[in-house]
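Reading through the structure tokens given below for one structure.
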Amino acid sequence: MLRKEESRLSKVFKECRPLLWGAFWFGLFINLLMLSAPIYSLQVLDRVLSSGSLDTLLMLTLIVAVALIFMGILQVLRSMVFSHIGRWLDDRLSSDIVADTVEITTKNPAIGSQPIRDLNVVRSFVTSQHLATLFDAPWAIIYFIVIYAIHVYLGIAVTLGAVLLLILAFMAERLPSKLSASANDEQVRSMQALEAILRNAEVVKSMGLFSNATSKWRYHNQTWLQNVFGSSNISIVISQITRTLRLSIQTLTMCLGAYLALSNLVTPGAIIAVSILSARALAPFDAAAPLYQSLVGVRKAVRRLLEMEETLADYQSALNNNERITLPEAKGAVTLEKVTFETVQSKRWILQGINVRIQAGESVGIIGPSGSGKTTLARLLVGVLLPTTGAVRLDGAALHQWEEEQLGRSIGYLPQSVELFDGSIAQNIARLNPQPDEAAIVEAAQHAMVHEAILAFPNGYATEIGPNGSLLSAGQRQRIALARCFYGGPKLIVMDEPNANLDGEGEMAFVNALKNAKKLGITTITIAHRPSVLQHVDKILVLQAGKAKHFGPAKEVMAELASENRKVQPLRREQNSA
């Protein structure tokens, strides 16, 4: 449902409306000046050749030369206007669309980079020849008027030709449309299947799965090629018919002009003039098919951008988040008030009625069977997801009330799937800050117990890690991501399976990192399966089927679990634990 408020896209187009109107009126003068060529031909053949006047020929040539120069200047200016509008649209919209995409991706990861591709479709159309053709199309009436003024029969002939070209353009769009749409869908599936193969290249190679793994890709790829070839063949046939028809119309028009000239109904010069005029008059109709296809693509892109904007507006409306303000610096107290969460896609309740209060500086462990909602809860705790009902509060304020950058500085988040950025270790620890505090980088690494491991690299903190940290092991990526959590003095750190890829040494370093967080007064929430991590937490939350089954002091909760299940061992704290 469209909102009453004007969309951002509409506002931006409204701002550039004067430039578009200017380009539209440029089209009038450009097309008027284009009349100079047929008028010149008419005058040369009818007046100069009959009079033999070289002075008349010279003056006519100078006049048409000036007209053509001005026409060229106007065309260049119009192209520059279109290029400027395209650049301006990108400057005004790209940053906001990227921000919106990041926001919505947390709720719908499938959206990918489609919004940016949609913006590129709109920008490419604005800067393409298609827009110029669209702006020139209304002024084609000028050429029809002139042709009718020369002789009505010639005007009727050209009009009939334009109608036939429009019919062919409609066929060129409609006939291959189903095949083309199917081809696009199959191409997307083919690329997704190929990306899955590449992501699992090691498994495919080591276990001899190439033939089986590529069968799905081969099917979609072959279906895509079949549909592409079918659509392309239909388009080629119609395109050739269109081209042949256009040449035939010009030839028949010239033939009709010659007949009328022999009958003394028009002058000989009208034959050449009408040939030039008919080519100009039919040009928009000849380009109707590709223009229409381009407009369809732009319309779909704009619709998707508007839908994304509406989706985000609905999300922000649910947050009642018209204005965020800067609050006092966080201390780390976390409260979950009757938190529930339902997935939009499956309409399944992941969490139900979670009520938990965590004091500032406390360390809490979250455990539970797979599918109990642990990861969803972690994403709610850092504001990635919005509760369906209830509230997640930091120091009494719901997360959506915090100013976004301030909240980001207050939180450290280590997700299950660690993502690092292309750059150096220092840049990743510093959260990509362009002017980082070097002392804070080292301090964060020391708190995360990864400082010595970083110094062991040939270039230390300046070591480039490659895209997504591809030059590091899984354990190294996890430890550097943990150091990133400590950067900037956060008051809340949420970790989802932080020791999943750590060896014995790495896990011991992680346990010491938890102790450091405790000394710094940082509230830590750790989702873990290994009991060794839970030796140093103050409290434990047990999730089962999306509900909080147990919450309380770690030793008591583990004792309750042990009484329920003999396989669960009571929690034994180390004597030197903090």
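Here is how the numbers come out for the structure above:
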item	result
Angle in degrees between helix 152-174 and the longest Cα principal axis of the chain, rounded to the nearest 10	20 degrees
Approximate spin-label separation Lys331-Leu77, in nm, with each point projected 7 Å along Cα-to-Cβ	6.7 nm
Shape parameters for segment 213-320, alpha-carbon atoms, Rg then Dmax in Å	25.0, 80
Residues whose placed amide H lies under 5 Å from that of Ile366, excluding near-sequence neighbours	Thr526, Ile527, Ala528, Leu541
From phi via Karplus (6.51, -1.76, 1.60), per-residue ³J(HN,Hα) for segment 236-249 in Hz, x at Gly/Pro	5, 4, 5, 4, 5, 4, 4, 5, 5, 5, 4, 5, 5, 5
R0 of 22 Å, Cβ-Cβ distance Ala181-Ser215: FRET efficiency to nearest 0.05	0.35
For Gly552, residues with placed amide H under 5 Å, excluding near neighbours	Ile540
Vicinal HN-Hα couplings computed from phi for segment 408-419 (Karplus, 6.51 cos²θ - 1.76 cosθ + 1.60; Hz; Gly/Pro x)	x, 5, 7, 10, x, 10, 10, x, 4, 9, 6, 10
Alpha carbon convex hull of segment 450-512, volume per residue in cubic angstrom	102 Å³
Rounded to 5, the percent of DSSP beta bridges in the chain classed as antiparallel	55 percent
Dipole magnitude of segment 58-201 about its Cα centre (Cβ charges: Lys, Arg +1; Asp, Glu -1), debye to nearest 20	160 debye
For peptides 209-216, 442-449, 356-363, sequence by mean Cβ density within 10 Å, most packed first	442-449, 356-363, 209-216
For the chain: accessible area per residue (Å², 1.4 Å)	54 Å²
Reference-scaled alpha-carbon Rg (2.2 N^0.38 Å with N residues) for segment 148-215	2.34
Gyration tensor (alpha-carbon) shape descriptor, segment 320-413, a/c threshold 1.5	oblate
Of all accessible heavy-atom area on the chain, the percent that carbon and sulfur account for (1.4 Å)	60 percent
For segment 85-210, Kirkwood radius (reciprocal of mean inverse C-alpha pair distance, Å)	19.8 Å
Hydrodynamic radius of segment 52-128 per Kirkwood, over alpha carbon pairs, in Å	15.9 Å
Residues with amide H under 5 Å from that of Ile493, placed H, sequence gap 5 or more	Gly412, Thr523, Thr524, Ile525
Theoretical ellipticity at 222 nm over the chain - DSSP helices of four or more residues, -39500 (n - 2.57) apiece, nearest 500	-20000 deg cm²/dmol
Part-to-part distance (alpha-carbon centres) for segment 67-144 and segment 225-291, which is given in Å	29 Å
Leading residue at positive end of dipole, the chain (Cβ point charges), from Val557, His84, Leu282	Val557
Segment 1-93 shape via C-alpha gyration tensor axes, a/c threshold 1.5	prolate
Over 18 Å (Cα to Cα) - which of Lys519/Lys549; Lys515/Lys539; Lys338/Lys555; Lys491/Lys519; Lys491/Lys549 fall in this group	Lys519/Lys549; Lys338/Lys555; Lys491/Lys549
Potential extension, Phe170-Arg199 segment - 0.36 nm per residue separation minus Cα distance	6.2 nm
Cross-link reach list, aspartates and glutamates versus Lys216, counting only Cα pairs under 19 Å and skipping chain neighbours closer than eight places	Asp185, Glu186, Glu195, Glu202
For segment 402-416 versus segment 160-204, the gap between their alpha-carbon centres in whole angstrom	42 Å
3J(HN,Hα) from dihedral phi, segment 280-290, Karplus parametrisation 6.51/-1.76/1.60, rounded to Hz, x for glycine, proline	5, 5, 8, 4, x, 6, 5, 8, 4, 5, x
For peptides 267-274, 187-194, 124-131, sequence by mean Cβ density within 10 Å, most packed first	267-274, 124-131, 187-194
Per-peptide average of other Cβ atoms within 10 Å, ordering 515-523, 243-251 highest first	515-523, 243-251
Förster radius 45 Å - calculated FRET efficiency between Asp503 and Lys11, Cβ distance, rounded to 0.05	0.25
Rg followed by Dmax, in Å, when the chain is reduced to its Cα trace	34.7, 118
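The values are calculated or read from the model by the stated rules, or taken from the named source; none is laboratory data. Keep in mind the model is a prediction, meaning the values are calculated, not measured. Neighbour counts run over all protein chains shown; Cβ positions are idealised from the backbone, glycine included. What goes into the accessible areas is simple: the full protein's heavy atoms, side chains included, and nothing from ligands, DNA or RNA. Shrake-Rupley method; radii C 1.70, N 1.55, O 1.52, S 1.80 Å.
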